[in-house]
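Read-outs throughout are calculated quantities, based only on the coordinates presented, and are distinct from any laboratory measurement. If you're wondering where the values come from, they're calculated on a predicted model, not measured in any experiment. Cβ placement follows ideal geometry from the backbone for every residue including glycine, while neighbour counts extend to all protein chains displayed.
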2 protein chains.
Amino acid sequence: MEEIFSYNALFNFSKDIFLKIGCPDADAGLAAKTLLSADLRGVDSHGVARLSGYVRLWEVKRVNATPVLKIIHESPSTAVVDADAGLGLVSAPFAMQVAIDKAKSAGTGWVSVQNSNHFGIAGIHAMMALENDMIGIAMTNASPLVAPTFSTERLLGTNPIAVAIPAGDEPAFVADFATTTAANGKLEILQRKNKPTPEGWVQAKDGSPSTDAAELKQGGALLPLGGDREHGSHKGYMLGSIVDIFSAILSGANYGPWVPPFPAYVAMPENMPGKGIGHFFGAMRIDAFRTAESFKKDMDQWIRRFKNAETVAGKGRVIIPGEPEAEIEKNRRTNGIGLLSSVVEDLRSLSEKFEVPFC
Amino acid sequence: MEEIFSYNALFNFSKDIFLKIGCPDADAGLAAKTLLSADLRGVDSHGVARLSGYVRLWEVKRVNATPVLKIIHESPSTAVVDADAGLGLVSAPFAMQVAIDKAKSAGTGWVSVQNSNHFGIAGIHAMMALENDMIGIAMTNASPLVAPTFSTERLLGTNPIAVAIPAGDEPAFVADFATTTAANGKLEILQRKNKPTPEGWVQAKDGSPSTDAAELKQGGALLPLGGDREHGSHKGYMLGSIVDIFSAILSGANYGPWVPPFPAYVAMPENMPGKGIGHFFGAMRIDAFRTAESFKKDMDQWIRRFKNAETVAGKGRVIIPGEPEAEIEKNRRTNGIGLLSSVVEDLRSLSEKFEVPFC
């Protein structure tokens, strides 16, 4: 049940909506571009399907459409940015650019962001580094949905990490993954199909193992990468914690269970220790370590060796991080982006509400 | 079947052995201290049990006992160190100190190391940052034992990541973990006990699932954190790859399947693209982001909130990364370090060979 739309049509519609809530023209374009990058790369859960979610955050005054982004602390290779409660879709590219500019002079740049909102997919921000012959890093904390090992409480978000590394003739290496066994979007797909999850994805409210894809709605939790202690869930918990601390404690944002929830109807936590949600970005100039040419030659050799590895019968070849997303993007730029009818309906409601013609 | 030794006795013996293979006095002391930190923190597989392994690498001329450590490339916040084929136990603290010194002036410091050897446990290097009110990061690539998702070939090491983060009144947060479901040391323990592994730890030579703890000796492989694709092994594979690239491609060391094996009797790979093995270190000065005081106050609150989380029945409380190791260290400094009789035998052989009195 999909309807196909061109990238340009969805971009223009999204930009128009961001203009209607009061974003300046440049911000509206940037927010639409960041949002749509998720649809292009096949991360449908984080793209235009979330447009109405961002609008609702603006409606309840949790998103400021005209933020003044400011560096509030810095050193030659670091900065803290106050996102002024603006869209993460706008503050993230701003902060990543600060990291890149720092890297130009200091070799590397590291920027922690406070007082922000959800920033779309992490990978697209990390990838800003590539055209500068830099390695890019992006992470963010997020609404608490994940129970640390042994906990019944949800204390961490899915806290993704993205790392983009330039290559030479081969496409760039782009890793972008939630620090949970499975991202929330995958649960939603199984719910729609009325199917159970594999073991190790979720737990019930009392912490017992579960395969119910609707477990989050019943007080259950997502599990850190690894699933349970025997399979290394303490490692996923550590990774999610590091993302939380780099994103929010270095910047002065909210952390752990105090991260503001994405759904606007969910009440804000009490006694919040910081401002908004937090992100963390890094840029490392390749030639601050060795020549970009020699680095890329070795990256090409790394990629080819892994691509050509002998594989398990019936499994196809080893996938290089970022390959599948790049292929989806190529396809969708040409053939358009398919949206579920529920998403289309949602966008039509926005169209009516804001009197913006739909695609 | 354990014999108990004091830290000082094992330290002095290890230092004497390093002196006998020709290390300068300061290096011998540093190598012994780094090595023994693993025993103190309960990572028995990486401590004095490996002393004879390092000696054998020296015997086959793969370890240089009198290296000249050099910075061969740098920027305000970065450096590449050539470890001159020296012990990683010595080059790692050197490189971490370079990162810390860079952070003092530039806010952060990032050092990639080529031409090195195994460096003991990652955590102890990351922890050097703590006394400077910095966050410390350490990683290394290692002998290829891990099959990326879908591969039957072993292309990555267990490639650990350590992150040490200072707190205020609470003990520091110290994460230190292999990017596999289980570290090799845990397999060895199960082999000794003649027990199977849980699912998702290893695969057989043809890539089929296995629970045989001796699988590595039969051409099988360790699995990336996650175990299989359905449980997120592609994420463990991405993490291990990032460690490999930061450690070895940024520095010009060997990567992937070309990393020199730790056992001296295993032949070196052909057509090695770089020099030795690679490490990567980072230091971030807290007050390059915000005051150390405010950061530590929030870290204390983070730690207490997680410690006090409601937990699954029968599971004890949520563990803060580094807590168990700190407790083991406290205990072992007072009560001594227990060694298996096979390890004691190994040390006695070294004692005879080098005419160094044993403990």
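Worth a mention:
- Identity and axial distance of the chain A residue whose Cβ lies nearest the axis relating A to B, Å: A:Ser77, 2
- Across the stretch A:270-287, computed HN-Hα scalar couplings (Karplus, 6.51 cos²θ - 1.76 cosθ + 1.60, θ = phi - 60°) run 7, 6, 5, x, x, 10, x, 9, x, 10, 9, 10, x, 9, 10, 6, 3, 6 Hz from first to last residue, x flagging Gly and Pro.
- Under 17 Å from A:Lys15, Cα to Cα: lysines that are on another chain or at least 8 residues apart: A:Lys33, A:Lys353
- Taking all pairs of distinct alpha-carbon atoms in the stretch B:70-213, Kirkwood radius in angstrom: 16.9 Å
- Diffusion of the stretch B:160-247 by Stokes-Einstein, at 37 °C in a medium of 0.692 mPa s and with Rh set to the Kirkwood radius over alpha-carbon pairs, works out to 231 µm²/s.
- Bridge type composition, chain A - antiparallel percent by DSSP, nearest 5: 85 percent
- Shortest-first distances to equivalent copies, position A:Glu199, nm, label 7 Å out along Cβ: 0.5
- Karplus 3J(HN,Hα) series, Hz, for the stretch A:340-350 with 6.51 cos²θ - 1.76 cosθ + 1.60 (x for Gly, Pro): 5, 4, 5, 5, 4, 4, 4, 5, 5, 5, 4
- Estimated FRET transfer efficiency when R0 is 60 angstrom, pair A:Thr66-B:Phe354 (beta carbons, to 0.05): 0.25
- Site pair B:Glu3 and A:Asp169 shows an inter-label distance of 5.9 nm when each label is modelled 7 Å from Cα along Cα→Cβ.
- Mean separation of Cα pairs under 8 Å and 6 or more residues apart, divided by the residue count, gives chain A a relative contact order of 21 percent.
- What the Cα convex hull of the stretch B:23-153 gives, in volume per residue, is 141 Å³.
- Just so you know, the averaged projected area of the alpha carbon convex hull for the stretch B:77-149 sits at 5.5 nm².
- The HN-Hα couplings worked out from phi for the stretch A:85-96 by the Karplus form 6.51 cos²θ - 1.76 cosθ + 1.60 (θ = phi - 60°) are 6, x, 5, x, 4, 9, 6, 5, x, 4, 5, 5 Hz, whole numbers, x standing for Gly and Pro.
- Placed amide H near A:Leu156: partners under 5 Å, 5+ positions off or other chain: A:Leu145, A:Val146
- Hydrodynamic radius by Kirkwood, which averages 1/r over all alpha carbon pairs of the stretch A:35-76, in angstrom: 12.5 Å
- Antiparallel content of DSSP bridges confined to the protein assembly as shown, in %, to 5: 85 percent
- Net charge dipole size for chain B [Lys, Arg +1 and Asp, Glu -1 on Cβ; Debye, nearest 20]: 140 debye
- Cα-based shape type of the stretch B:267-359, given that a ≥ b ≥ c are square roots of the gyration tensor eigenvalues and the cut on a/c is 1.5: oblate
- Temperature 10 °C, viscosity 1.306 mPa s: under these conditions the Stokes-Einstein estimate for the stretch A:208-330, based on its Kirkwood radius over C-alpha pairs, is 83 µm² per second.
- Relative compactness, chain B, computed as alpha-carbon Rg over 2.2 N^0.38 Å: 0.98
- Estimated [θ] at 222 nm from DSSP helical runs (n ≥ 4, -39500 (n - 2.57)) normalised by residues in chain A, nearest 500: -11500 deg cm²/dmol
- The ellipsoid that matches the Cα gyration tensor of the stretch A:209-274 has semi-axes, each √(5λ) in whole angstrom, of 24, 19, 7, with the longest given first.
- Our summary gives the stretch B:155-313 a relative contact order of 20 percent, counting only alpha carbon pairs under 8 angstrom and 6 or more residues apart.
- Pseudo-label separations to other copies for B:Lys315 - Cα-to-Cβ vector, 7 Å, nm: 2.9
- Label-point spacing for B:Glu327 across the identical copies (point 7 Å from Cα in the Cβ direction), in nm and ascending order: 4.8.
- Pairwise FRET efficiency - A:Met268 versus B:Glu327, Cβ, R0 = 45 Å, nearest 0.05: 0.75
- Put simply, the amide H of A:Thr180, placed in the peptide plane, has neighbours under 5 Å in A:Leu225, leaving out anything fewer than 5 places away on its chain.
- Seen from every direction in turn and averaged, the convex hull around the alpha carbons of the protein assembly as shown projects onto 28.9 nm².
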